[in-house]
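The values are calculated or read from the model by the stated rules, or taken from the named source; none is laboratory data. None of the values given here were measured: they were computed from a predicted structure. With ideal geometry, Cβ positions are generated from the backbone for all residues, glycine too; neighbour counts draw on all protein chains shown. Keep in mind that these areas ignore ligands, DNA and RNA; they rest on the heavy atoms of the full protein, side chains included. Shrake-Rupley method; radii C 1.70, N 1.55, O 1.52, S 1.80 Å.
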Amino acid sequence: MSAGRLPGGCMHEKLLSKIVTELLHPRHDASHTSEDRSAPAGFELDPALVSGFTAGSLDAQDEAALADQVAELLPFHWVLPNTARAAMTQVIDHLGGQRELMAWLDRHPGLPRLVARLYVLMGLLDQCSAEPAVVTALREFRERTPYPSGLKDYLVPETDDETLATLAFKIEELLGDRRGEEAVHLALATATWLQEAAPGAETHDPKFGEMGELMGHIRHDIQSAAAGT
């Protein structure tokens, strides 16, 4: 497959195609879960924007405003009030699913694009978290470097099949707390760790031969989104 990029600053073409699980679901770490959080008080998707979007009548400015609202609420997707959850479902269903939601958000620079790319990374982390070859490669990496750069405050001493999923949880939690810069730093550090551990994972299971390449692409995409490009 070509390693070229899609036009218009979109994320790398391979990344969404590799997501085979739901991107929006409750996430957990050792002490708590995304279900423990609550959405910002009184924050909803604008019903007029949702209605116009599903009817295909929004102009570019209003569609961008809706994308901003969706991006703000995604870290709370599992605990939204019923009205907000129903509106979010309308948007997702109109687009055709969660992967299509991320592609739509990615077309809008700023927070929507950044959130989409972080969620794609979280999806990849969820998929890899319990893979024996990846867990073994990460353990072997930590035998040489116990705390990879940027991850000392986020990793416990033992690497297991929850390690990457826990990092995904923490990225989402930082987004929900509006600590976007920290979320970006954690995401980039995690992607770098996986990229560096990728040759070991491929040694244990050839199906991870593209993992290093994918992590390189997602690092570039997140950096570009954070820079507003």
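Sort out which residues of segment 106-130 are of a type outside the set (Lys, Arg), under 12 Å from the mean Cα position of the chain (by Cα) and closer than 19 Å to ALA64 by Cα, and write them in order of number. ASP106, PRO112, LEU114, VAL115, ALA116, LEU118, TYR119 - these are the residues of segment 106-130 that are of a type outside the set (Lys, Arg), under 12 Å from the mean Cα position of the chain (by Cα) and closer than 19 Å to ALA64 by Cα. Scanning segment 56-92 for residues that are charged (D, E, K, R), modelled with pLDDT of 95 or more and part of a helix (DSSP H, G or I) gives ASP62, GLU63, ASP68.
Yes or no, residue by residue, for (1) in contact with a helix residue (DSSP H, G or I) (Cβ under 9 Å, 6 or more places away or on another chain); (2) among the polar types (S, T, N, Q); (3) open to solvent by 40 Å² or more (accessible area, probe 1.4 Å):
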residue: PHE43; (1), (2), (3): yes, no, yes
residue: VAL50; (1), (2), (3): yes, no, no
residue: GLU63; (1), (2), (3): yes, no, yes
residue: ASP68; (1), (2), (3): yes, no, yes
residue: ASN82; (1), (2), (3): no, yes, yes
residue: ARG99; (1), (2), (3): yes, no, yes
residue: PRO112; (1), (2), (3): yes, no, no
residue: LEU118; (1), (2), (3): yes, no, no
residue: ASP126; (1), (2), (3): yes, no, no
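The residues in segment 155-203 that are aromatic (Phe, Trp, Tyr) and either more than 20 Å from ARG117 (Cβ to Cβ) or at pLDDT below 95 (or both) can be counted, and the count is 1.
Among the candidates LEU175, LEU194, LEU188, the residue that is part of a helix (DSSP H, G or I), more than 19 Å from GLU131 (Cβ to Cβ) and in contact with a Gly (Cβ under 9 Å, 6 or more places away or on another chain) is uniquely LEU188.
If you check PRO132, PRO206 for being at pLDDT below 95, open to solvent by 70 Å² or more (accessible area, probe 1.4 Å) and not aliphatic (A, V, I, L, M), only one passes: PRO206. Would you confirm whether or not segment 173-181 contains a residue that is among the small types (Gly, Ala, Ser) and surrounded by 22 or more Cβ atoms within 10 Å (Cβ to Cβ)? No, there is no match, as no residue in segment 173-181 is among the small types (Gly, Ala, Ser) and surrounded by 22 or more Cβ atoms within 10 Å (Cβ to Cβ).
Only one entry of ALA183, ALA137, ALA201, ALA133 meets the criterion of being farther than 18 Å from LYS18 by Cβ and either among the hydrophobic types (A, V, I, L, M, F, W, C) or in a loop (DSSP other than H, G, I, E, B) (or both), and that entry is ALA183.
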